[in-house]
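Peer 1: I have a structure here, written as structure tokens, and I will follow up with some questions on it.
The values are calculated or read from the model by the stated rules, or taken from the named source; none is laboratory data. Predicted model only: the values in this text are computed from it and were never measured. Using ideal geometry, Cβ is built from the backbone for each residue, glycine included, and neighbour counts are taken over all protein chains shown.
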Amino acid sequence: MQALAAYSFEANGIDSSRRVDQVALLVDDWLAGKGAVNPQLAEGEFVSKTGDKTGQFARAVIRSGSDVLHEVELIETAHTGDMFTTSLQFASSGDAVSVYASLGAAPGQSRVAPIAVYPRCPLIIRTLIANFSDWRFAGQEVPLSTVFDATTDDAARQLCDALRSKTRRLPIIVVSNDEDELVWRGLQNKLADELIGLADVAVVSAESSWVLTDELGPRDSCYLGAVRLYWPGGRADGSLLGINWRAGRLGAFGKDGKGRHRFLALMRREVMSVAALTMPSPTVFRRIRSEAEKERLRSLTDGARDRELDSIVEENSRLTARLEAAEGTIQTLRWKMAAGAMYAERKGDAADDGADVEQAEDGPEARPAPAAGETRYYKKIGSGGGVDALVITKACSHREANWRPAFKGDQAEKGLLKLEGRNDWKSIAHCSSCTGGGRWRVHW
């Protein structure tokens, strides 16, 4: 089975028995919405209301003392024969409740190939997050389907603190809402909705993105209509891990609704696939199962206990063999990942915008030099040492009357020379209405 996604969160200091009962009722509603006639049964089949064929479910409750573990598995079969599995576990122990869900897919026919699916957050996870506001993952609040507004300087500084926090355990996606570079309106709202429970989403304006540039540096900033995914942690040199999609790359998906849909599907797969690999099942589930099994064995007669122990020994041998095979596979994959990372470091990872501004895709080697008579537009994204850091952008929507000759633009001229490697321009004009660093029009 191909692992697609995972979700994990818990609540502490609550009436855990009451919360688990509430979650169980919400699971009943979820299964009924899928088509199950009697969702409280231990197992059942139904004609799917949300899919395009059939569905099956199985439920179990495991008790150990006052601790309770619920296990639910939902399997939906598509008309192609592909099977999609949602596994949900939730448990109460002491004053805490833990929830874990995983999504997987298996092909309907034998073939060695990944399944081309783009998972979505299960409705039951959305419902649990919407109904209870105290869920946490590794001590961090579980992301909601709301966007953090970082369009003011103070809010942008708060965002920078969150990005650099060593205690952050979940990714943050930042959307640059630069009106002159915007590809899709409202993208941040769609991202927050589709990545609920897994990633926080923030939006910055053309002006507040300067705070990110000042605080994080141009390399780790997000500006000019870009979307940047920041993973938790950082590199050895202090820079932030992540992937940057600049406006030009976003536009390549298509500037209509279909293009936005393709990009959202890519983002879901990017974040969810990582969650599937890095979100382990809470240890409390294994402890409850183990304690319940011990209690069951202690209640057996001597003869029945001996037979059960023989069965457990045989099962343990089979599981040990499978574990050894899995560990061998893991070691092989780790070697391949290390080799791939080494190759990417040598060649440069195209997906990771790790280069400085002047060496990135906007560098002189990445595009043709300005031609005689050509007009190019540039935007300032930073400055230092008396030189403006400029990137090529597109024309703004302001009137021609807003363009004024730049007679005192020494820093911008030095930035042009550094970016293009030449200073034989005919004229330079500055837009008096553009904000967030301003925009320059250069006639070569």
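Peer 1: Go through (1) modelled with pLDDT of 90 or more; (2) exposed (fewer than 15 other Cβ atoms within 10 Å of the Cβ) one by one and return the number of the condition Arg268 breaks.
Peer 2: (2)
Peer 1: Checking Leu419 against (1) part of a loop (DSSP other than H, G, I, E, B); (2) modelled with pLDDT of 75 or more: exactly one of these is not met. Which one?
Peer 2: Leu419 satisfies all of (1) part of a loop (DSSP other than H, G, I, E, B); (2) modelled with pLDDT of 75 or more except (1).
Peer 1: Kindly indicate whether any position in the range 33-50 is assigned by TED's automatic domain parsing to the domain that holds Thr127, buried (at least 17 other Cβ atoms within 10 Å of the Cβ) and part of a helix (DSSP H, G or I). If you could, list the steps in order and put the result at the bottom.
Peer 2: Residues of the range 33-50 assigned by TED's automatic domain parsing to the domain that holds Thr127: 33-50.
Going one step further and asking which of them are buried (at least 17 other Cβ atoms within 10 Å of the Cβ), we end up with 34-36, 39, 44, 46, 48.
Then keep just the ones that are part of a helix (DSSP H, G or I); that gives 34.
Yes, some residue in the range 33-50 is assigned by TED's automatic domain parsing to the domain that holds Thr127, buried (at least 17 other Cβ atoms within 10 Å of the Cβ) and part of a helix (DSSP H, G or I).
Peer 1: Can you tell me which residue within the range 393-407, out of those that are in a loop (DSSP other than H, G, I, E, B), of a type outside the set (Ser, Thr, Tyr) and out of contact with any Cys (no Cβ under 8 Å at 6 or more places or on another chain), is modelled with the lowest pLDDT?
Peer 2: Taking the range 393-407 first, the residues in a loop (DSSP other than H, G, I, E, B) are 394-399, 406-407.
Now restrict to residues that are of a type outside the set (Ser, Thr, Tyr): 394-396, 398-399, 406-407.
From what is left, the residues that are out of contact with any Cys (no Cβ under 8 Å at 6 or more places or on another chain) are 394-395, 399, 406-407.
Numbers: Lys394: 78, Ala395: 82, Arg399: 82, Ala406: 74, Phe407: 65.
Going through the qualifying residues, I end up with Phe407.
Peer 1: In the range 377-390, which residue that is among the hydrophobic types (A, V, I, L, M, F, W, C) and either in the same structural domain as Arg246 (by TED's automatic domain parsing) or within 11 Å of Gly438 (Cα to Cα) (or both) is surrounded by the most Cβ atoms within 10 Å (Cβ to Cβ)?
Peer 2: If we filter the range 377-390 for residues that are among the hydrophobic types (A, V, I, L, M, F, W, C), which is where we start, we get 381, 387, 389-390.
From what is left, the residues that are either in the same structural domain as Arg246 (by TED's automatic domain parsing) or within 11 Å of Gly438 (Cα to Cα) (or both) are 381, 390.
Numbers: Ile381: 23, Leu390: 27.
Once the filter is applied, the top-ranked residue is Leu390.
Peer 1: Would you mind stating whether Glu420 is of a type in the set (D, E, K, R) and within 38 Å of the chain's Cα centre (by Cα)? Outline the logic, then answer.
Peer 2: Details: of a type in the set (D, E, K, R): yes; within 38 Å of the chain's Cα centre (by Cα): yes.
When the stated conditions are applied, Glu420 passes them.
Peer 1: Right, something else. Looking only at the range 6-18, decide whether some residue is surrounded by 16 or more Cβ atoms within 10 Å (Cβ to Cβ), in a helix (DSSP H, G or I) and not hydrophobic (A, V, I, L, M, F, W, C).
Peer 2: Within the range 6-18, one or more residues are surrounded by 16 or more Cβ atoms within 10 Å (Cβ to Cβ), in a helix (DSSP H, G or I) and not hydrophobic (A, V, I, L, M, F, W, C).
Peer 1: List, please: which pairs have Cβ atoms under 6 Å, are six or more places apart or on different chains, and start with a residue in the range 28-44 that is farther than 15 Å from Ile124 by Cβ and end with one that is of a type in the set (A, V, I, L, M, F, W, C)?
Peer 2: Correct list of pairs: Glu43/Ala58; Gly44/Ala36; Gly44/Phe57.
Peer 1: Now a separate question. Could you check, for the range 174-194, whether at least one of its residues is more than 22 Å from Gly254 (Cα to Cα) and in contact (Cβ under 8 Å) with a residue 60 or more places away in the chain? Give the derivation first.
Peer 2: Start the filter on the range 174-194 by keeping residues that are more than 22 Å from Gly254 (Cα to Cα), which leaves none.
No, the range 174-194 contains no residue that is more than 22 Å from Gly254 (Cα to Cα) and in contact (Cβ under 8 Å) with a residue 60 or more places away in the chain.
Peer 1: Hey, another quick one. For Ala58, which of the numbered conditions (1) within 29 Å of Val117 (Cβ to Cβ); (2) surrounded by 19 or more Cβ atoms within 10 Å (Cβ to Cβ); (3) of a type in the set (Gly, Ala, Ser) fails to hold?
Peer 2: The one condition Ala58 does not meet is (2).
Peer 1: Within the group Ser102, Ser93, which residue is crowded, with 16+ Cβ neighbours inside 10 Å, more than 21 Å from the chain's Cα centre (by Cα), among the hydroxyl-bearing types (Ser, Thr, Tyr) and modelled with pLDDT of 90 or more? I'd like the intermediate steps shown before the answer.
Peer 2: On the way: Ser102 fails: more than 21 Å from the chain's Cα centre (by Cα).
After applying the criteria, what remains is Ser93.
Peer 1: Okay, next question. Counting only residues that are in contact with a Leu (Cβ under 8 Å, 6 or more places away or on another chain) and part of a loop (DSSP other than H, G, I, E, B), how many does the range 422-444 have?
Peer 2: If we filter the range 422-444 for residues that are in contact with a Leu (Cβ under 8 Å, 6 or more places away or on another chain), which is where we start, we get 423, 425, 428, 440, 442.
With the extra rule that they be part of a loop (DSSP other than H, G, I, E, B), the set shrinks to 423, 425.
Going through the range 422-444 one residue at a time, the tally reaches 2.
Peer 1: Would you check if there is a residue in the range 358-376 being at pLDDT 75 or above, closer than 30 Å to Leu241 by Cα, surrounded by 17 or more Cβ atoms within 10 Å (Cβ to Cβ) and of a type in the set (Lys, Arg)?
Peer 2: no
Peer 1: Next question, about the same structure. Restricting the search to the range 115-157, which residues are in a helix (DSSP H, G or I), surrounded by 15 or more Cβ atoms within 10 Å (Cβ to Cβ) and not assigned by TED's automatic domain parsing to the domain that holds Lys34? Before the answer, list the steps.
Peer 2: The first filter runs over the range 115-157 and keeps only residues in a helix (DSSP H, G or I), leaving 123-131, 153-157.
Still in the list and also surrounded by 15 or more Cβ atoms within 10 Å (Cβ to Cβ): 123-129, 155-157.
Ala155, Ala156, Arg157 - these are the residues of the range 115-157 that are in a helix (DSSP H, G or I), surrounded by 15 or more Cβ atoms within 10 Å (Cβ to Cβ) and not assigned by TED's automatic domain parsing to the domain that holds Lys34.
Peer 1: Go through the range 252-293 and count every residue that is outside any helix (DSSP H, G or I), under 28 Å from Arg228 (Cα atoms), out of contact with any helix residue (DSSP H, G or I) (no Cβ under 8 Å at 6 or more places or on another chain) and not aliphatic (A, V, I, L, M).
Peer 2: Of the residues in the range 252-293, 3 are outside any helix (DSSP H, G or I), under 28 Å from Arg228 (Cα atoms), out of contact with any helix residue (DSSP H, G or I) (no Cβ under 8 Å at 6 or more places or on another chain) and not aliphatic (A, V, I, L, M).
Peer 1: Counting just the residues of the range 218-243 that are part of a loop (DSSP other than H, G, I, E, B) and in contact (Cβ under 8 Å) with a residue 40 or more places away in the chain, which one comes out nearest to Thr278 (Cα to Cα)? It would help to see each step written out before you state the result.
Peer 2: Residues of the range 218-243 that are part of a loop (DSSP other than H, G, I, E, B), as a first pass: 221-226, 235-239.
Those still in the list that are in contact (Cβ under 8 Å) with a residue 40 or more places away in the chain too: 221-226, 239.
Working: Ser221: 26, Cys222: 26, Tyr223: 29, Leu224: 32, Gly225: 30, Ala226: 27, Ser239: 22 Å.
Looking at residues that are part of a loop (DSSP other than H, G, I, E, B) and in contact (Cβ under 8 Å) with a residue 40 or more places away in the chain, I get Ser239.
Peer 1: Consider Arg249 carefully, then state whether it is part of a helix (DSSP H, G or I), over 25 Å from Gly384 (Cα atoms) and without any contact (Cβ under 8 Å) to a residue 24 or more places away in the chain. Show your work before the answer.
Peer 2: Details: part of a helix (DSSP H, G or I): yes; over 25 Å from Gly384 (Cα atoms): yes; without any contact (Cβ under 8 Å) to a residue 24 or more places away in the chain: yes.
The answer is yes for Arg249.
For every residue, the table says whether it meets (1) surrounded by fewer than 19 Cβ atoms within 10 Å (Cβ to Cβ); (2) of a type in the set (D, E, K, R); (3) under 17 Å from Ser176 (Cα atoms); (4) in the same structural domain as Leu187 (by TED's automatic domain parsing).
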position: Ala247; (1), (2), (3), (4): no, no, yes, yes
position: Gly259; (1), (2), (3), (4): yes, no, no, no
position: Phe263; (1), (2), (3), (4): no, no, yes, no
position: Met279; (1), (2), (3), (4): no, no, no, no
